[in-house]
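Everything on this sheet refers to the single structure shown next.
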Amino acid sequence: MLKALRFKNKINIGAPLAQATRCLHMWLEEEGRCLPYAKRRRAAVLIARYFMYEDDTTDELILSFLRHYSGRRVSDMDNPTTVRLEIKSILDQSDAIAPWRKTRKWMVAGAMVVFLLLSMSGWMVRPMTHAEQEELKGLVRQVVDRSHVAPVTVWAEVKRPLNVHRYQDMTWLQYRKSRAFLKERLESL
């Protein structure tokens, strides 16, 4: 049978060239490429020459060769050798994980914690709002009314432990401490 096939190919010398030309044309359309006639003819001749000694050259084999050349590795999934070589080529493209990438999730978590702490600390050191200032003034008036002490004396007692010169310069945390102090003072009166 093989002798008959080889004899048939020897008689029909143009068949491999026609097959290579047909496959090259299909591949060029798939890839969206074009070649001038002379170069397309030369490529077809070289492809036909390359596969000349293959016994049963099919269009699929030639197209597989052309697709492999263009980087679109289409493998014959029924051939274990081809599958093994495809697996090897894919695994060879893998890279070792850099040591810093292993700790990357911890670095991200740490950065998030730092950001959260910074944003919370920014909230705590923000200046008092106008409404909070008015609330402190009202508490000072209540203390002055109940204890008959001068407002300057009450304000001095509030500002001294906080080490501020003006009550408008107090931060949110200092406001909370002074408010607690004034409420405690009112309860003791």
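The values are calculated or read from the model by the stated rules, or taken from the named source; none is laboratory data. Everything numeric here is computed off the predicted structure, so don't read it as measured data. Heads up, the Cβs are rebuilt from the backbone with ideal geometry, glycines too, and the neighbour counts pull from every protein chain shown. Just so you know, the surface numbers come from the protein's heavy atoms only, side chains and all, with ligands and any DNA or RNA stripped out. Shrake-Rupley method; radii C 1.70, N 1.55, O 1.52, S 1.80 Å.
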Original post:
When region 130-152 is examined, which residues are found to be among the polar types (S, T, N, Q) and open to solvent by less than 70 Å² (accessible area, probe 1.4 Å)?
Top reply: 133, 147
**OP:** Taking residue 177 as meeting all but one of (1) open to solvent by 70 Å² or more (accessible area, probe 1.4 Å); (2) touching a residue at least 24 places away in the same chain (Cβ under 8 Å); (3) in contact with a Leu (Cβ under 9 Å, 6 or more places away or on another chain), write down the number of the exception.
**Re:** (2)
Original post:
Can we say residue 73 is assigned to a loop (DSSP other than H, G, I, E, B), at pLDDT 80 or above and open to solvent by 50 Å² or more (accessible area, probe 1.4 Å)?
Top reply: no
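The rows are residues; the columns are (1) of a type in the set (S, T, N, Q); (2) in a helix (DSSP H, G or I); (3) at pLDDT below 85.
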position	(1), (2), (3)
120	no, yes, yes
133	yes, yes, no
139	no, yes, no
146	no, yes, no
153	yes, yes, no
156	no, yes, no
